[in-house]
Amino acid sequence: MTGLVATDITRTYVRHGSSRTALDGVSFTLPPGGRIAVVGESGSGKTTLLRILLALGVPSEGTVELDRRTVRPGSVRSLRWFRRLVQYVPQDPATSLDPRRSVLDLVATPLRLLGVDGDHRAKAGAALAAVGLNERYLQRRPTELSGGQNQRVAIARAVACEPQYLLADEPVSGLDPDLREQVLAVLAGLPSAVLIVSHDLSAVARLCSDVSVMHDGRIVETGSVRDILTEPQHSCTRDLIDAVPRLARPSQEIH
Ligand code: ADP
Ligand code: MG
């Protein structure tokens, strides 16, 4: 199957002599051009799954493939082909963006590390434009920007190399409603496949066509956003829906 495919992933953490299963037999596919959400309560295993899909974490069992080519953690060099195609917006840009560096430096560095051809300043400017920030922001530092602007810089950094797949971990958590809408609109406008991981079903329902629901390290339900919202099969899916009364408002759809 083409796309980013995880098969039968199990991940066990051992701490203080006892083990905990963070992922238990999870299979998941992000197809080319797909818009998929993975939702679940805190601690259900979302970040662990995302990191394994990104070859940042190692599964205890199972495999990850991109277009049938096996992917596993390795050196920057051995993963360069993969990182050019699959990029990541980490949770909490406040800690993921080095406050001492300029936005230009932050956005252009991955282009250099990945060996992308062309004018990196121009590409960084174009990536900023794609997230609604003008060229002036290239000279700013993260400490001079708002939370929503930093989140957009983190997205610009990930999309500057024009990846085919973008994986974002809780990209709108902690943002106030206006900024949340802005960031969702940015993600909706990207040409790549997008996987959004969130504990907030309402934040992702309007952007994604399909959703997988995680509970306690397993995917308990997968389907179209419409089916999951209208006919949730699992009690924890109903809990996630009940937590978000705003979902009922069709006027908030993003096109
Ligand atoms: P989510 O992103 O859905 O909140 P996580 O993937 O972060 O969930 O965590 C899933 C489970 O794995 C939790 O019980 C968490 O405590 C545990 N876990 C995550 N990372 C580690 C780690 N580095 N060491 C030990 N346990 C971990
Ligand atoms: Mg998480």
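How many residues are small (G, A, S), touching a Pro at 6+ places or on another chain (Cβ under 7 Å) and either under 21 Å from P32 (Cα atoms) or open to solvent by 60 Å² or more (accessible area, probe 1.4 Å) (or both) when one looks only at segment 57-100?
Total meeting the criteria: 0.
Out of everything in segment 8-63 that is part of a strand (DSSP E or B) and of a type in the set (G, A, S), what residue ends up being nearest to ligand 1 (Cβ to nearest atom)?
The qualifying residue nearest to ligand 1 (Cβ to nearest atom) is A22.
Any chance segment 43-54 includes a residue that's more than 16 Å from ligand 2 (Cβ to nearest atom) and at pLDDT 95 or above?
Checked segment 43-54: no residue is more than 16 Å from ligand 2 (Cβ to nearest atom) and at pLDDT 95 or above.
Here are some residues: R157, R152, R180. Which one is basic (K, R), open to solvent by 20 Å² or more (accessible area, probe 1.4 Å), under 17 Å from the mean Cα position of the chain (by Cα) and closer than 25 Å to C236 by Cβ?
Going through R157, R152, R180 in turn, the sole match is R180.
The values are calculated or read from the model by the stated rules, or taken from the named source; none is laboratory data. Just so it is clear, the model here is predicted, and its values are computed rather than measured. All Cβ positions, even for glycine, are placed from backbone atoms using ideal geometry, and neighbour counts span all protein chains on display. All accessible areas refer to the heavy atoms of the entire protein, side chains included, with ligands and DNA or RNA removed. Shrake-Rupley method; radii C 1.70, N 1.55, O 1.52, S 1.80 Å.
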